[in-house]
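The structure appears below as structure tokens.
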Amino acid sequence: MKRRVYLNHLSGTPLAPEVHEAMRPFFEEHHHGLAAREAIATARGQCAQLIGGTPEEILFTSSGTEANNLAIKGTAYAQRERGNHIVLSNIEHPSIEQSVAWLEENGFKTSRVPVDAEGFVSPNAIAEAVTDKTILIATHHASHDLGTIQDITAIGATAAERGIPFLVDATASGGWLSVDVAVANISLLSLAPHRFGGPQGAGLLFRNRRTPLAPIIHGGAQEDGLRAGTENLAAIVGAGAAAALPAVDVSTLQRQLHAGLMKALVPIRLNGAELGTGRLPSHLNYSIDGIEGEGLALALDLQGIAIASGAACVTKNLAVPPALTAIGLDAASAKGNVLLSLGRDTTAADIDHVLEVVPKQVDKLRSLSPAWDA
């Protein structure tokens, strides 16, 4: 039987057994009234504890993407009389970038702050981009595409000093990196539980009670009137259970995989920050010379190994990921891009198997390339 190895956890993690067990009663029988309310309240408390917030500051949505849409658009429209300017980095997740682009079409102004060659955005550059019309600063905790971790504490200090709401997209880092919304002066923070052992169908937005926010979905009074619609009870219970899972450390496996690939696949380039405190411990992004990333992903899928190629969340789009362009990669390097993301279920045996199979598939693809032979 072919061994299966899943290294595409940024697309979604397998449901943790503890989470499945917590959700099971809500699939097997109908819960309503006080029982449903208490289940949601428990999940709200579990999610709040993960980030240092309070239960009253947690709003449940259908996904991290919806949470980012609500944060961007809801904050913008709640503050139109104050200003119309938003500051963000130039490598934000599509749910933020496209929400901001939509606002631009409706009269808002933006400043997109460039990142450096490793994907870091300068807190000083963020501060310099702020104007007296700025109503929101938005950045990610860790980049979906590059794994680079931003200095959200320094950026949050600028936001607090200027009295500007600060949104942190933690949909890639949630469950992997610790964060305290009070310490970092975070006004809004989005999470995607399906990336740390939870179910699809539930996302959440932390919102400091002093932060103005207008609803973007209307038709009900759920979620403090800020997100209309019947709650996905089982998924919300699962989100809470995932938030309560004990932390895991896969950095040793990450280093093992990185060392093996860097040795076996020369020439190869690590995109984003070096391994360590500046990078997600579960994330690796490479450009491999002599191959197409999409081709390698397909070849490995046939071998039972799941990886990603291209930008996270938009793998159906074969265009060069914007984050790779932003850090200065040329088209050829971007074409050979692959993304490997580890999870709670990744084992040392999985890494050994990947290091055995991947070099063979890369050699095979390179042997078929006239450009590589030349």
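Laboratory data are not the source of any read-out in this text; all were calculated from the coordinates shown. Treat the numbers as computed from the prediction; the structure is a model and nothing was measured. All Cβ positions, glycine included, derive from the backbone under ideal geometry; neighbour counts span all protein chains shown.
Observations
- Among complete DSSP H helices in the chain, those whose alpha-carbon atoms stretch at least 27 Å along the helix's long axis and whose mean Kyte-Doolittle hydropathy reaches 0.0 are 33-51.
- For the pair residue 373 and residue 222 in one chain, pulling the backbone fully straight at 0.36 nm per residue adds 48.2 nm over the alpha carbon distance.
- Paramagnetic label zone (point 7 Å from Cα along Cα-to-C-beta, residue 3; backbone N under 19 Å) in the stretch 257-272: 257-265
- Antiparallel %, DSSP beta bridges [both residues in the chain], to 5: 50 percent
- Full extension of the chain between residue 251 and residue 78 yields a length gain of 58.2 nm, computed as 0.36 nm times the residue separation minus the alpha carbon distance.
- Residue-averaged [θ]222 nm for the chain, counting only DSSP H segments that reach four residues, each worth -39500 (n - 2.57): -12000 deg cm²/dmol
- Eligible lysines near residue 133 by straight Cα distance, threshold 24 Å, same-chain separation 8 or greater: 73, 109
- Förster radius 22 Å - calculated FRET efficiency between residue 347 and residue 259, Cβ distance, rounded to 0.05: 0.85
- In percent, rounded to a whole number, the relative contact order of the stretch 17-243 is 30, using alpha-carbon pairs under 8 Å and six or more apart.
- Most mobile listed residue (189, 205, 261) in the chain, GNM with C-alpha springs under 10 Å: 261
- Our estimate of slack between residue 269 and residue 102, defined as 0.36 nm per intervening residue step minus the Cα-Cα distance, is 56.7 nm.
- For the stretch 1-95, the set of trypsin sites (Lys or Arg not before Pro) satisfying both a DSSP loop assignment and a count of at most 14 other C-beta atoms within 10 Å is given as 2, 3, 4, 80, 82.
- Loop-located trypsin sites (Lys or Arg not before Pro) in the stretch 271-374, at most 12 other Cβ atoms within 10 Å (DSSP): 316
- Applying the criteria of a DSSP loop state and at most 12 other Cβ atoms within 10 Å to the GluC sites (Glu not before Pro) of the stretch 2-36 yields 29.
- Counting only Cβ charges, +1 for Lys and Arg and -1 for Asp and Glu, the dipole size of the stretch 17-243 around its Cα centre is about 520 debye.
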